[in-house]
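Everything below concerns the one structure shown next.
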Amino acid sequence: MKTPEILFLCTGNSCRSILAEVTMNGLADSRLHATSAGSHPAGYVHPRSIQLLQQEGFATEGLSSKSWDELKTTPDIVITVCASAAGEACPAYLGPAIRAHWGVEDPAKATGSEAEIDAAFQTAYRILRHRIEALLKLPVAEWLEKDPAQLRQGLNRIGSMEP
């Protein structure tokens, strides 16, 4: 069975999708492989995302804000992480992948004190990590091959989970 490819997608690819990509790859033990991209990439990875990932013990070398046009492989699963409820335009990936939406507020748009901005990044990370840990409990490769509808249902259920 091939390793399922997951694309975490948002508009800027500087915070949420990067946090999800690195966290997934760090926790998945090669059972799944994640990448991230944006429909309109910011061109940089937010420094607070890098700092947070390093504090959590994840490698951050080589991270970059990428366009979905740069993808080297076609993903099996696309998970959008935009907070469309906040009026943010969430990109629609046009490939033949299973799609799910895991909306998370954009910490790059947080305002206030340094502590409040850091808290916004922590909140986004905790939500994404909680959902990724739930995803890692599913037989993703098996369902991808034998029961994509069940996988889609599982992904959608996870998308509403909060830590």
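The values are calculated or read from the model by the stated rules, or taken from the named source; none is laboratory data. Every value quoted in this text rests on a predicted model; they were computed, and no experiment measured them. For neighbour counting, all protein chains shown are included, and Cβ atoms are generated from backbone atoms with ideal geometry for every residue, glycine included. Quick note on the areas: whole protein, heavy atoms, side chains included, nothing else; ligands and nucleic acids left out. Shrake-Rupley method; radii C 1.70, N 1.55, O 1.52, S 1.80 Å.
Here are a few things to note about the model shown:
- Pairs, first more than 19 Å from Val78 (Cβ to Cβ) and modelled with pLDDT under 95 in region 25-38, second outside any helix (DSSP H, G or I) and not acidic (Asp, Glu), C-beta under 9 Å, six or more apart: Asp29/Leu136; Ser30/Thr3
- Which numbered condition Ser17 fails, given (1) open to solvent by 40 Å² or more (accessible area, probe 1.4 Å); (2) at pLDDT 95 or above: (1)
- Scanning region 129-163 for residues that are of a type in the set (D, E, K, R), more than 12 Å from Ile79 (Cα to Cα) and surrounded by 14 or more Cβ atoms within 10 Å (Cβ to Cβ) returns Arg129, Glu133, Glu145.
- If the condition is being outside any helix (DSSP H, G or I), open to solvent by less than 70 Å² (accessible area, probe 1.4 Å) and within 21 Å of Ile79 (Cα to Cα), then region 102-122 contributes Trp102, Gly103, Val104, Asp106.
- Glu56 vs. criteria in contact (Cβ under 8 Å) with a residue 24 or more places away in the chain, open to solvent by 10 Å² or more (accessible area, probe 1.4 Å) and under 18 Å from Arg129 (Cβ atoms): yes
- Residue, farthest from Leu151 (Cα to Cα), within region 52-78, restricted to residues that are among the charged types (D, E, K, R) and under 15 Å from the mean Cα position of the chain (by Cα): Lys66
- Only one of the numbered conditions (1) out of contact with any helix residue (DSSP H, G or I) (no Cβ under 6 Å at 6 or more places or on another chain); (2) surrounded by 15 or more Cβ atoms within 10 Å (Cβ to Cβ); (3) under 27 Å from Ala141 (Cβ atoms); (4) small (Gly, Ala, Ser) is not met by Ser30, and that is (2).
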